[in-house]
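Engineer: First the structure, then my questions, so here it is.
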Amino acid sequence: MRKTFWLLGILLTFYSCNPAVKSQNGALNYFDIKGYFEKEALRLNKSNPLLTKSVEVNGAAETKKIHIPDWAKELSIFSDSEINRNAWKGLFSTDKTNEQELYTSANKKVPVKEVLITKKDGRVSGIRILVKNSNMLYSSADTLSYYPDSLYRINKKQHIKLMAEKNYGITGRFK
């Protein structure tokens, strides 16, 4: 089971490889996911909160209370879902209100299908990211949820052709 957790960690770390870029005038095209999670990692590294972390693979779960030594690494799957990539410019539709920002893409080349930013009193109160990848041999669907100082959740469904579907879940609850 530990090998599975280790493999899951590697997969989550190398989730994406395209760098985020700014538009010609220096402004980002969409919400700055990478920048937001870089700031969160710095804040959480400084406050060093106790976390109840659960990892579940196909129904088998393990839960521990821990302090995360490197929040940038812990939250990398979120920051790797950055939608401000040069190749994706103009591929997201945007719907903004005072309470939320919704970015969606139906483009097959873009794995990030939806980003929902909820706000309360002008501050981010939640982020949900939907990511889908598929090819002839492999398909995966990820739901990434983050609520500052409350919890984060990573749900992943993965299917490799000729193998059984695998379901992964990681939940971190702040104390």
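Engineer: Please state which one of Ser125, Ser139, Ser150, Ser105 is under 29 Å from Lys64 (Cβ atoms), touching a residue at least 12 places away in the same chain (Cβ under 8 Å), polar (S, T, N, Q) and surrounded by 13 or more Cβ atoms within 10 Å (Cβ to Cβ).
Structural biologist: Details: Ser139 fails: under 29 Å from Lys64 (Cβ atoms); Ser150 fails: surrounded by 13 or more Cβ atoms within 10 Å (Cβ to Cβ); Ser105 fails: under 29 Å from Lys64 (Cβ atoms).
After applying the criteria, what remains is Ser125.
Engineer: Within region 56-99, can you find the residues that are assigned to a helix (DSSP H, G or I), among the aromatic types (Phe, Trp, Tyr) and modelled with pLDDT of 95 or more?
Structural biologist: Trp71, Phe78
Engineer: Something else about it: Of the numbered conditions (1) part of a helix (DSSP H, G or I); (2) of a type outside the set (Gly, Ala, Ser); (3) over 24 Å from Lys89 (Cα atoms); (4) open to solvent by 20 Å² or more (accessible area, probe 1.4 Å), Leu44 fails exactly one; give the number of that condition.
Structural biologist: Failing condition for Leu44: (4).
Engineer: I'd like to verify a number: residues in region 49-63 that are touching a Phe, Trp or Tyr at 6+ places or on another chain (Cβ under 9 Å) and open to solvent by 40 Å² or more (accessible area, probe 1.4 Å), how many?
Structural biologist: Within region 49-63, residues that are touching a Phe, Trp or Tyr at 6+ places or on another chain (Cβ under 9 Å) and open to solvent by 40 Å² or more (accessible area, probe 1.4 Å) number 4.
Engineer: Same structure again: For residues that are free of Cβ contacts under 8 Å to residues at least 40 places away in the same chain and in a loop (DSSP other than H, G, I, E, B), scanning just region 153-175, find the one that is nearest to Glu62 (Cα to Cα).
Structural biologist: Glu165
Engineer: Do we find that Glu114 is of a type in the set (Asp, Glu) and free of Cβ contacts under 8 Å to residues at least 12 places away in the same chain in this structure? Steps first, please.
Structural biologist: Values: of a type in the set (Asp, Glu): yes; free of Cβ contacts under 8 Å to residues at least 12 places away in the same chain: no.
When the stated conditions are applied, Glu114 does not pass them.
Engineer: A further question follows. Looking only at region 127-140, count how many residues are part of a strand (DSSP E or B) and over 14 Å from Ser79 (Cα atoms).
Structural biologist: So the count comes out to 6.
Engineer: Would a scan of region 17-36 turn up a residue that is at pLDDT below 90, assigned to a helix (DSSP H, G or I), open to solvent by less than 50 Å² (accessible area, probe 1.4 Å) and more than 20 Å from Tyr146 (Cβ to Cβ)?
Structural biologist: Taking every residue of region 17-36 in turn, none turns out to be at pLDDT below 90, assigned to a helix (DSSP H, G or I), open to solvent by less than 50 Å² (accessible area, probe 1.4 Å) and more than 20 Å from Tyr146 (Cβ to Cβ).
Engineer: Could you list all residues from region 155-175 that are closer than 27 Å to Gly122 by Cα and either in contact with a helix residue (DSSP H, G or I) (Cβ under 6 Å, 6 or more places away or on another chain) or surrounded by fewer than 15 Cβ atoms within 10 Å (Cβ to Cβ) (or both)?
Structural biologist: The answer is Lys175, and nothing else.
Engineer: Looking at Val110, Val115 in this structure, which one is in a strand (DSSP E or B), surrounded by 14 or more Cβ atoms within 10 Å (Cβ to Cβ) and either of a type in the set (A, V, I, L, M) or touching a Leu at 6+ places or on another chain (Cβ under 7 Å) (or both)?
Structural biologist: Val115
Engineer: Please determine, by comparing only the residues of region 64-102 that are open to solvent by less than 30 Å² (accessible area, probe 1.4 Å) and more than 23 Å from Thr171 (Cα to Cα), which one is nearest to the chain's Cα centre (by Cα).
Structural biologist: Of region 64-102, the ones open to solvent by less than 30 Å² (accessible area, probe 1.4 Å) are 68, 71, 75-79, 81-85, 88, 92, 101.
Remaining after also requiring more than 23 Å from Thr171 (Cα to Cα): 83-85, 88, 92, 101.
On the way: Ile83: 11, Asn84: 14, Arg85: 16, Trp88: 17, Phe92: 17, Glu101: 16 Å.
The extreme case among them is Ile83.
The values are calculated or read from the model by the stated rules, or taken from the named source; none is laboratory data. The model shown is predicted, which means the values in this text are computed figures rather than measured ones. Glycine also receives a Cβ, built like all others from the backbone with ideal geometry; neighbour counts cover every protein chain displayed. Note: accessible area is taken over every heavy atom of the protein model, side chains too, but ligands, DNA and RNA are not part of it. Shrake-Rupley method; radii C 1.70, N 1.55, O 1.52, S 1.80 Å.
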